[in-house]
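These notes concern the structure reproduced below.
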Amino acid sequence: MASIKDVAAEAGVSVATVSRVLNDHPSVSAEARTRVLAAVETLGYRPNAVARSLRTDQTHTLGLVISDVMNPYFTELARSVEEEARALGYSVIIGNADERPDLQDHHVRNLLDRRIDGLLVSPTDGGSPLMLDAVRAGTPMVFVDRWIPGVDVPVVRADGRGAVRDLVAHLHGLGHRRLAIIAGPAATTTGRERVEAFREALGAYGLELPDAYIGQGDFQAESGRRVTEGFLDLPEPPEVVFAADNLMALGALDAVRARGLRVPDDLALAAFDDIPWFVHTDPPVTAIAQPTGELGRAAVRALVDRIEGRPGESVTLPARLVVRRSCGEPPAPPEPSPVTNRSQS
C-alpha cells in the first residue's frame with residue numbers, strides 16, 4: 001500500500017506539500033496540486049482517516065441512533081441518511097435502540113467515544129441525561145422523527161395532524177362512528193401527538209374517544225395484537241382500529257385473523273406509517289405515509305450545517321393519507337378496455 005512519502009516522491013514535492021493538498025490548503029500552487037493529485041491517482045493512495053482526524057479534530061463521521069431497525073420506516077430513514085451523508089462526504093455509524101432508553105444511551109455513549117462529528121437521534125423517551133449533557137457540551141445534534149421537548153436542537157419531522165384529519169373524515173364518510181386507536185408509548189412525542197390529533201379530529205365530527213377505545217401499545221407488533229384482542233372482547237367493539245404505527249397495525253391484522261374474522265367486514269383497520277407491504281396484504285391497508293426519504297436527507301443537511309458552523313434549521317414536512325381497502329372502501333373501478341378502431345372496407 002502506497003504511503004504519503006511514496007506520493008511525495010512520485011510528485012517530486014515534499015511530504016508537507018502532499019499533506020497540504022490532501023487537506024485542501026490554499027497555499028499550494030495549482031501546478032503542485034495537479035502533480036500531487038496525479039500521483040495519488042497513479043499510486044492508488046488512500047489517506048489514513050484516523051491519523052487525519054487526530055490532526056483536524058474531525059472524523060467526517062456521523063452517528064445515527066434509530067428507535068427500531070426492524071421497523072421498515074426506520075430502515076428506510078437510515079438508508080436515506082446514509083445516502084445523503086455519503087454525498088456530502090460523511091460516513092454513518094448506526095445504533096439500534098430497539099425502543100429501549102438504556103440501549104439508546106449505550107449507543108450514544110459509544111458514538112461520542114468514537115469522536116463522531118455529529119449525532120442524529122430519534123429518541124425513545126422524553127429525556128436522556130446523556131443526550132442533554134452532549135448538547136450542553138456542544139455536540140452538534142439533530143432530532144429526527146421524534147424529539148425531546150425543551151432541548152434546543154433542530155428537529156426534522158413529519159406533521160401528521162392534517163393526514164389524521166383526512167383519515168377521520170374518510171372514515172366518517174364511510175359511515176364509521178366507533179373509532180379506536182392503538183397508541184404508541186406516551187413517553188415519546190409521536191406517541192402522544194398521534195393520540196391528540198386523533199381525538200381532535202374525532203371531535204370535529206362530534207365523536208368522542210372513550211378510554212376503552214385507547215389501547216396502549218409500544219410500537220411493536222405484539223402490542224398491536226394484544227390491544228386489538230382487548231378491543232374485540234369489549235361489549236361494543238369499535239368499528240375501526242387506527243394503529244399509530246405500521247408494526248402495531250400488522251399485529252392488529254394478526255389478531256383479527258386469529259379470531260376467524262376479516263378486515264374490513266368485521267373490523268376496519270388503518271395505520272400510521274405506510275410501508276410497501278401494505279399493498280400486498282388482503283385487503284391492502286389504508287395508511288398515513290410520511291416522506292421518509294426526504295426526512296432523512298433533510299436531517300443530514302441540518303446536522304452538517306451545524307457541524308460546519310452554519311445554523312441548522314428545523315424542518316417539518318406534511319404526511320399524507322393513502323386510501324386503499326382496509327376500511328370498507330369500495331373497490332376501484334376496472335380499467336377501461338382499449339377501444340380498437342377497425343377501418344371499413
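The values are calculated or read from the model by the stated rules, or taken from the named source; none is laboratory data. Because the structure is a prediction, the values reported are computed rather than measured. FYI the Cβ positions are ideal-geometry reconstructions off the backbone, even for glycines, and counts take in every protein chain you see. Ligands, DNA and RNA are excluded from the accessible area calculation, which covers all protein heavy atoms including side chains. Shrake-Rupley method; radii C 1.70, N 1.55, O 1.52, S 1.80 Å.
A few remarks follow.
- R0 of 41 Å, Cβ-Cβ distance THR75-GLU200: FRET efficiency to nearest 0.05: 0.85
- Distant alpha-carbon pairs in region 80-165 (separation over 17 angstrom), percent: 50
- Beta bridges per DSSP with both ends in the chain, % antiparallel, nearest 5: 10
- The chain - accessible surface per residue (Å², probe 1.4 Å): 49
- Accessible-area composition of region 86-154, carbon plus sulfur, in percent [1.4 Å probe]: 48
- Close amide H pairs (under 5 Å, H built 1.01 Å from N) link VAL65 with GLY95, LEU120, VAL121, SER122, residues at least 5 positions away or on another chain.
- Expected 222 nm ellipticity per residue - DSSP helices of 4 or more, -39500 (n - 2.57), all of the chain, to 500: -13000 deg cm²/dmol
- Computed with every protein chain present, the accessible area of ARG100 is close to 110 Å² [probe 1.4 Å].
- Here the gap between LEU234 and ARG109, fully extended at 0.36 nm per residue and compared with their Cα-Cα distance, gives a gain of 40.5 nm.
- Evaluating 6.51 cos²θ - 1.76 cosθ + 1.60 at θ = phi - 60° for every residue in region 306-319, the Karplus couplings come out as 5, 4, 8, x, 9, x, x, 9, 5, 9, 10, 10, x, 8 Hz, glycine and proline recorded as x.
- Most mobile of THR124, THR34, THR139 in a GNM of the chain (Cα contacts under 10 Å): THR34
- For the pair LEU37 and ARG177, label points projected 7 Å from Cα toward Cβ lie 7.3 nm apart.
- Global form of region 167-216, assessed from the alpha-carbon gyration tensor, a/c cut-off 1.5: prolate
- Accessible carbon and sulfur surface of region 158-271 relative to its total accessible area, %, 1.4 Å: 47
- Kirkwood Rh in Å, taken over the chain so that all alpha-carbon pairs contribute: 23.0
- Distances between placed amide hydrogens fall under 5 Å for THR59 paired with ASP117, all partners being 5 or more residues away or on another chain.
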